[in-house]
1. What FRET efficiency, computed as 1/(1 + (r/R0)^6) with R0 = 51 Å and r the Cβ-Cβ distance, is obtained for Asp262 and Ser138, rounded to the nearest 0.05?
2. Using 1/(1 + (r/R0)^6) with R0 = 51 angstrom and r between the beta carbons of Asp2 and Thr255, what's the FRET efficiency to the nearest 0.05?
3. For a label point 7 Å from the Cα of Val72 along Cα→C-beta, name the residues of the stretch 1-29 whose backbone N is under 11 Å from it.
4. Name the residue from Gln122, Leu230, Phe194 whose Cα lies farthest towards the positive end of the charge dipole of the chain, charges +1 on Cβ of Lys and Arg and -1 on Cβ of Asp and Glu.
5. Could you pull the Cα extents of the stretch 3-83 along its three principal axes, largest to smallest, in whole Å?
6. Given the DSSP H assignment, sum -39500 (n - 2.57) over each helix run of at least 4 residues in the chain and divide by its residue total; what's the result at 222 nm in deg cm²/dmol, nearest 500?
7. Against the globular-protein guess of 2.2 N^0.38 Å, express the Cα radius of gyration of the stretch 163-258 as a ratio, rounded to two decimals.
8. Have a look at Val161, Leu178, Pro109 and report the one farthest towards the positive end of the charge dipole of the chain, computed about the Cα centre with Cβ charges (Lys/Arg +1, Asp/Glu -1).
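The numbers here are math on the coordinates, done by the rules we state, and not lab data. Since the model is a prediction, treat every value here as computed from it, not as a measurement. Positions of Cβ are backbone-derived with ideal geometry, glycine not excepted, and every protein chain shown enters the neighbour counts.
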Amino acid sequence: MDYFLAVQAFNRIVKTGSFVKAAAQLDLHPNAITKLVQALEAHLRVKLLNRTTRRVTLTTEGSVYHARMSRVLDQWLEVESEMAVAQSSPRGRIRVDMGTTVATLLVIPALPTFHARYPHLQIDIGASDRTADLASESIDCVIRGGILQDSALIARRLGSVDFVTCATPAYVAAHQQLTHPAQLEQGHTLVRYFFPSSGRQNKLEFFRGDEQVVVEGNYVVAVNDSNGYLAAGLAGLGVIHTLRFMVQPHIDAGTLVPVLEDWSVPANPLSVVYMPNRHLSVRVRAFVDWLVEHFAAHPHVLQ
């Protein structure tokens, strides 16, 4: 029995839910796939799969075996990629996670340059405002804003992002002039943002000289998505406080107007974060290095 091929066959069956599809992907006859799995089960002395005419499911033992061997298989294929003669052309899939606005405004528009350099790499992008767990979700790297809380992770700085407070011209015209953040508690309305994972609403922190003001703000709408947050601001539902690169096109177009401009908010570091690994895979290192290079060459995209 070709043990490596048998494990590959088993893994493909689980992923596709079909012996026939797995056989097609491995360019094997379905009978050969069946024999490989039977040989693997005989070798392990356990039943890995339950097969009916309609579906294929994992047994309890099969589920445990798949969870562990998937990692082994990934490492095996990774070694093959790393040992390939063409080190400059890594192959395989990269799983990354980042905020929606970072994905849509900063990373995805630049991806053609990455794929021109690495045509054989596939990127699965999880774009949402939730905080992903690298270890439990088998994610290769994430792009995160703020100070890294987990010291066990490695972060490479991409740059800093500025914040701006703004509202629509119609909102500004209809309300008393904003000169102090405390006015956001009474007399003005904020669009509030709450975190998808915890439901916690974000407090705003403003600085002017030695003065520091923290406000929660009066609100009529709160959202847990950055695109929805911007949409609420553009609809005139209140003052928004968000990433400058996200709203700068609207400020330039005159659909949003900056307010509280003499109050500053500390910039947030933006980093690409990954698990510590003495031998970081060629494909992940390629993506991380490209990100660092891209943001260093185009710092204006964060402004």
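1. 0.65
2. Details: r = 62 Å, r/R0 = 1.22.
So the FRET efficiency works out to roughly 0.25.
3. So the set is 3-4, 7-8.
4. Gln122
5. Answer, in whole Å and largest first: 41, 26, 20 Å.
6. Dividing the helical sum by the residues of the chain leaves -11000 deg cm²/dmol.
7. Values: Rg = 12.8 Å, N = 96, 2.2 N^0.38 = 12.5 Å.
Cα-based Rg divided by the globular estimate yields 1.02.
8. The listed residue farthest towards the positive side: Pro109.
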